[in-house]
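For reference, the structure discussed in these notes is given below.
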Amino acid sequence: MPVEPLIVEVVRSGFVESVHRARVLAVADGGEPVRAHGEVAVPVSPRSTMKPLQAVGMLRAGLDLDDRSLALACASHAGEPFHVDGVRKILADAGLGESALQCPPALPESQDAAHELIRSGREPGRVHMDCSGKHAAMLATCVVNGWPIADYRHPTHPLQRAIRRTVDELTGERAVATGVDGCGAPLFFVSMVGVVRAYRALVAAPPGSPERRVADAMRAHPEWTSGTTRFENILMRALPGLLAKAGAEAFFAFVHEDGRAGAVKIEDGARRARLPVVVAALRALGLDAPELIPFTATPVLGAGEPVGEIRVRGA
């Protein structure tokens with residue numbers, strides 16, 4: 001398989017203005033590589049694509065959530081009202097308030113929700129931050145086990161040790177390092193090969209297992225893992241049986257119920273280059289739908305009008 005990265009071109013008025021390099025791994029239902037571009041076996045920072053694995057670790061540690069709340073625990077949510085209400089419910093059911101959250105305050109990523117918050121005169125809160133579902137679930141897991149909550153983010157906390165064991169098991173690797181994610185929670189550095197292996201393990205697990213519960217909750221309620229207008233929601237609705245999760249710095253992972261799976265990393269972290277590459281990876285595996293057409297090439301604008309596109313070279 002080729003090791004050269006996939007090239008994404010930013011074309012304006014007929015000229016290639018910029019390029020991005022993408023690492024891509026796409027595997028068939030049996031796990032054999034169909035496409036591999038770039039160094040997919042070296043450690044990377046998968047960012048929020050690790051949330052489903054973290055949620056599995058929490059379920060194994062005794063957390064019990066309904067399916068919507070479990071999907072929210074895996075979310076990089078848009079801060080829409082139902083997301084915020086869902087986070088508050090997880091906290092309230094654990095006997096906690098918003099002050100227990102240790103993710104940073106933020107405006108909702110949804111423009112409508114952000115504008116409404118500003119119009120109402122309220123301040124951005126921790127509950128609005130896109131990782132608040134994960135943090136609420138982490139706190140709830142601590143309450144179930146009688147673990148302290150003041151230092152729940154620390155890598156040596158029993159919660160984080162339990163999650164680390166799960167990540168190592170599902171990826172089939174020992175994380176080479178533990179860092180700090182943007183939300184303040186621990187982040188484990190593994191390879192794209194490991195991420196794809198873990199995602200395949202989620203959908204292949206027996207019904208009712210922690211792994212399968214996470215996969216089923218995310219696929220049944222994709223708007224809870226992202227937002228009503230977000231790409232992941234559109235994608236999972238368009239391709240039944242698909243689980244998809246985006247991460248910061250232009251990471252993305254997906255798996256179909258039959259085991260076809262993939263991961264994408266834009267090397268410079270540019271989100272604008274991610275969607276055309278994800279679509280190309282899906283199509284390489286025979287996963288396609290009319291709803292993906294608008295994401296094949298992202299428009300480049302001039303005075304608000306399309307004057308070019310962001311596209312995969314050769315696509």
Output the peptides 162-175, 281-294, 222-235, 48-61 sorted from most to least packed, where packing is the average of other Cβ atoms within 10 Å over each peptide's residues.
48-61, 222-235, 162-175, 281-294
Straight-line reach from K265: which lysines have Cα under 30 Å away, leaving out those fewer than 8 places along the same chain?
K51, K134, K245
Heavy-atom accessible surface of the range 110-242: percent carbon and sulfur, 1.4 Å:
54
Using only Cα atoms, find the angle between the long axis of helix 81-93 and the longest principal axis of the chain, and express it within 0 to 90 degrees, rounded to the nearest 10.
30
Which value, in Å², gives the accessible area per residue of the range 114-253 when a 1.4 Å probe is used on the protein heavy atoms?
37
Quick check: at a probe of 1.4 Å, how many percent of the accessible area of the range 21-81 sits on carbon and sulfur atoms?
47
Helix 51-60 sits at what angle to the longest principal axis of the chain, using alpha carbons and giving 0 to 90 degrees rounded to 10?
30
Column: log10 I(q)/I(0), Debye, Cα scatterers of the chain, q = 0.09, 0.10 Å⁻¹:
-0.44, -0.54
Helix 274-284 vs. the chain, principal-axis angle (Cα, 0 to 90°, nearest 10)
70
Along the Cα-to-C-beta direction of A303, a point sits 7 Å from the Cα; which residues of the range 7-24 have their amide N less than 15 Å from that point?
13
Using a 1.4 angstrom probe on the protein heavy atoms only, line up E267, E17, E211 by accessible area, largest first.
E17, E267, E211
Two-decimal log10 I(q)/I(0) for the range 172-228, as the Debye equation yields it once each C-alpha is a single scatterer, q = 0.13, 0.15 Å⁻¹
-0.46, -0.60
Whole-number percent relative contact order across the chain, with pairs defined as alpha carbons under 8 Å at least 6 apart:
25
Structure-based [θ]222 nm, the chain - -39500 (n - 2.57) summed over DSSP H runs of at least 4, per residue, nearest 500
-11000 deg cm²/dmol
Any idea of the accessible area per residue across the range 259-315, 1.4 Å probe, to the nearest Å²?
46
Computed for the chain: size of charge dipole around the Cα centre, +1 on C-beta of each Lys and Arg, -1 on C-beta of each Asp and Glu, debye to nearest 20, value 440
Ignoring ligands, DNA and RNA, what percent of the 1.4 Å accessible area of the range 244-303 is carbon and sulfur?
57
Mind listing which trypsin sites (Lys or Arg not before Pro) in the range 106-141 are in a DSSP loop and have 14 or fewer other Cβ atoms within 10 Å?
R122
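The values are calculated or read from the model by the stated rules, or taken from the named source; none is laboratory data. Keep in mind that this is a model prediction, so the values were computed, not measured. Don't worry about glycine lacking a Cβ; one is built from the backbone with ideal geometry, like all the others, and counts go over all protein chains shown. Just the protein is used for accessible areas: all its heavy atoms, side chains included, with ligands, DNA and RNA removed. Shrake-Rupley method; radii C 1.70, N 1.55, O 1.52, S 1.80 Å.
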